Amino acid sequence: MFNGFYKNKRVLVTGHTGFKGSWLALWLHELGANVNGFALPPNTHPNHFELIGLKDLVCHIEGNIRDLKTVKNVFDIAKPEFVFHLAAQPLVRESYDDPKTTFDTNIGGTVNILEAIRQCETVKAAVVVTSDKCYENKEWIWGYREDDPLGGHDPYSASKGAAEIVCASYRRSYFDQNGQSPHLGLATARAGNIIGGGDWAKDRIIPDCIRSLTADKPIIIRNPQATRPWQHVLDPLCGYLLLAARLLDNPEKFSGAWNFGPQTSDQITVNELANRFINGWGSGTIQSPTVKQAPHEARLLHLNIDKAVFDLKWQPVLDSSTAIDWTVDWYKSWQQSRDALQNLSVCQIKKFTDLAATKGQILF
């Protein structure tokens, strides 16, 4: 799919012990890249990072992105050509409980990564992953475009909006042709709600489904009619990999912000997602208790992906039904056997790339 582009390339992935980061690091390893991962230890047990044995496949470095000295040391060790920054405090409800750590990590940690990039001569392209929640969500029916206003009601969303502003400032001040440092491509990626095998985070619908179903308990859904841009983890990761490659070729054109999400016609509610998961699993029930007081959560959020489709030539490969099926298959395999999950994840990556090719998404 990438025609050997990443083979032997030096790549740094921050947050590689997390759900999305571990999938990205595994995919890069399969593409032949020399992968360095920098992150805190996994914060859930079980977790995808340990189940696929990723520590044995990449150069694993533990540390905190809030420590600038440590971050710079990692760059000195890795000497990366490509940087994918995914390390973050990723949970909305946790951001209400601990806003300072959320802001320090998602804003201050991103500043540290950008400072290290600015002072590292080897970096050629960088993709900073933020969130679809970085927009000032007015809960309108059409999708947000990359130039719509940033904002955020809760601390997590606000931190991601602020990280976007920080990245834009660094890009204009240091990384474009008018900057003070050698020109390199810097982009931000705003993906929708991700599903896939290996996620056990708190307050996410698929992990909640798995915990409930394996314990033979009803799935508790707080906002059953909330709509989110659900997508399988491999779809946005494919976009990140393509974006980084294009940044190397043409940083002027591809630097900036990019949305990665499902097609507009393929966005479903939380209730629909849970019911489809139950159908695939073969059992389960749903409960939606009335909650009188709860932290604010948006009910409607759509992304417009026209820019990625037309300019980047990226498109989602898996529709929501297929994404749910693949996710169910992964967790069923985990339930039946805790072994060979690396092979399962690799097989899904290969199957994804084959499907992408059949849809004409030949990237190189």
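The values are calculated or read from the model by the stated rules, or taken from the named source; none is laboratory data. Please read all numbers here as calculations on a predicted model, not as lab measurements. Virtual Cβ from ideal backbone geometry, glycine too; neighbours counted across all protein chains shown. The area values use the complete protein model at the heavy-atom level, side chains included, leaving out ligands, DNA and RNA. Shrake-Rupley method; radii C 1.70, N 1.55, O 1.52, S 1.80 Å.
Note on the chain: with charges restricted to the Cβ of Lys and Arg (+1) and Asp and Glu (-1), its dipole about the Cα centre is near 200 debye.
Here segment 35-126 was treated as a single set of alpha-carbon atoms; its pair distances binned every 10 Å from 0 give 15, 45, 32, 7 percent.
State which stretch of the chain is the longest one without any exposed GluC sites (Glu not before Pro), exposure meaning a DSSP loop state and at most 11 other Cβ atoms within 10 Å. Please list the in-between numbers first.
Values: sites that count: 121, 139.
In the chain, the maximal stretch lacking such sites is 140-364.
A value for percent of Cα pairs over 38 Å apart was derived from the coordinates, and within the list (1) 18; (2) 10; (3) 27 it appears as (2). Against the chain, whose longest principal axis comes from its Cα atoms, helix 234-249 is set at around 10 degrees.
Under a Cβ-Cβ cut-off of 15 Å, what is the net charge of the residues other than residue 317 that fall near it, where Lys and Arg count +1 and Asp and Glu count -1? Don't skip to the answer; put the middle values down first.
Numbers: positive: 313, 350, 351, 359; negative: 235, 266, 319, 325, 354.
Net local charge, residue 317 excluded: -1.
If I compute solvent accessible area with a 1.4 Å probe over the protein chains, what percent of it on segment 311-364 is carbon and sulfur?
Details: 1210 of 2630 Å².
About 46 percent, which is the carbon plus sulfur part of the accessible surface.
How big is the charge dipole of segment 307-349 about its Cα centre, in debye rounded to the nearest 20, if each Lys and Arg gets +1 on its Cβ and each Asp and Glu gets -1 on its Cβ?
Values: 4 positive and 5 negative charges, 21 e Å.
Once rounded to the nearest 20, the dipole reads 100 debye.
Set the bar at 29 Å for Cα to Cα. Now go through 69/124; 138/217; 72/138; 20/351; 72/351; 72/313 and name every pair that lies beyond it. 138/217; 72/138; 72/351; 72/313, as the Cα separations exceed 29 Å there.
Sequence gap at least 6, Cα distance under 8 Å: using those rules, report the relative contact order of segment 213-275 to the nearest whole percent.
Values: 40 pairs, mean separation 34.0, N = 63.
The value is 54 percent.
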